[in-house]
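To start, the structure under review is shown below, and the notes come after it.
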Amino acid sequence: MDMKNFFSFKMGMVLFASLLLFGPGAQTATAADTLVVGVSDDIPPMVFRDRGAELIGYDVDLLHEIGRRINKKIEFKVISWDQKEQELANKSIDVIASQLSITEERKKILRYTQPVMQNFQAIIVAAASPIQNKKDLEGKTVCALTGAYIIDEIRKLPGQKIQVETADGNEQCLVKLLAGEVDASVLDGVPGIYYSNHNPGAFRILPEDIGKDEYAYGMRISDATLAEEFNRALAAIKADGTMQAIRERWLGKGK
């Protein structure tokens, strides 16, 4: 099966599983002891699905551990990434996770936890692409995740006329890249490295990136108490070595 068909098949399975789990009429939990976390489910190794369509990954393990320590049940809801702030405002979710970068603009409408991981915005091209650096993006078409802050940063690259196309998921951007519909994709570095390592010979990550940032979890501005509970739990998880164990489970030894 070629890469395009592989991604298409996988995305079809994800959509089917999402309808089963979160389709029309599905209700999020509202019990006081339950937190609903909104995620995108194609961000390996942060949040993605195993062969049985179960959500797994770094954020899944870390959030369950936080929930255990603050006596909350964690439930996940797959959301459209460009609707994440609206989902939070509507109270259909309580927390935003999976590749939520900290930005000054988002701080105006979200309350962040302490950072959970450092990140960079990777430029990914097809292995045989002639593109070698950011300057080579001049006049090219670049794919980015719908609702991602990095779209504005791409457009701000000095002296370059870059056309930006968006997609609802990271894998959709990579499908476009392999099909020759775009010249490059900009993804968070952590999933970018994962896709590159798990598809040898398909992709190449440029040595230059668009920028560096940090991941955190986002909540409503009014949820100061919840954010403090998360921060205390994160500090304890880091101090006792649990966070490092989760990192090594999903990112590898010494990461």
Using a Förster radius of 41 Å, what is the FRET efficiency between Lys140 and Ala32 based on their Cβ-Cβ separation? Nearest 0.05, please. 0.20
With N residues in the stretch 95-148, Rg(alpha-carbon) / (2.2 N^0.38 Å) equals 1.52
With +1 on the Cβ of every Lys and Arg and -1 on the Cβ of every Asp and Glu, the dipole magnitude of the chain about its Cα centre, in debye rounded to the nearest 20, is 280 debye
Checking understanding here: applying a Kyte-Doolittle mean of at least -1.0 and a length along the axis of at least 15 Å (C-alpha), which whole DSSP H helices in the chain pass? 3-22, 58-69, 224-239
DSSP beta bridges in the chain [antiparallel fraction, %, rounded to 5]: 55 percent
Place a +1 charge on the Cβ of each Lys and Arg in the stretch 120-213 and a -1 charge on the Cβ of each Asp and Glu, then give the dipole magnitude about the Cα centre in debye, rounded to the nearest 20. 240 debye
What number, rounded to the nearest 500 deg cm²/dmol, is the helix-based mean residue ellipticity at 222 nm of the chain, given -39500 (n - 2.57) per DSSP H run of at least four residues and division by all its residues? -11000 deg cm²/dmol
Roughly what percent of Cα-Cα pairs across the stretch 120-213 reach past 23 Å? 11 percent
Rank Leu234, Leu157, Leu88 by mean-square fluctuation in a GNM of the chain with C-alpha springs under 10 angstrom and give only the top-ranked residue. Leu157
With a sphere of radius 13 Å drawn around the Cβ of Cys143, what net charge do the other residues whose Cβ falls strictly inside it have (Lys, Arg +1; Asp, Glu -1)? -3
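To the nearest 0.05, how large is the calculated FRET efficiency for His64 and Glu104 if R₀ is 30 Å and r is the Cβ-Cβ distance? Kindly include the intermediate steps, with their values, before the conclusion.
Values: r = 30 Å, r/R0 = 1.01.
E between His64 and Glu104, to the nearest 0.05, is 0.50.
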Percent relative contact order for the stretch 99-199, counting Cα pairs under 8 Å at least six residues apart, stands at 35 percent
Mean-position separation - Cα centroids, the stretch 94-108 and the stretch 40-71, in angstrom: 17 Å
Rounded to the nearest 0.05, what FRET efficiency is calculated for Gln118 and Lys161 with R0 set to 41 Å and r the Cβ-Cβ distance? 0.85
So, in nm, how far is label Ser80 from label Asp240 when the simple model puts each one 7 Å beyond its Cα toward the Cβ? 4.1 nm
P(r) tail for the chain, what percent of Cα pairs lie past 30 Å? 27 percent
Share of antiparallel DSSP beta bridges in the stretch 120-213, in percent to the nearest 5? 55 percent
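Here, each number is a calculation from the coordinates, and none is a lab measurement. Small disclaimer: the values here were computed from a predicted structure and weren't measured. Cβ: placed from backbone, ideal geometry, glycine included. Neighbour counts: every protein chain shown.
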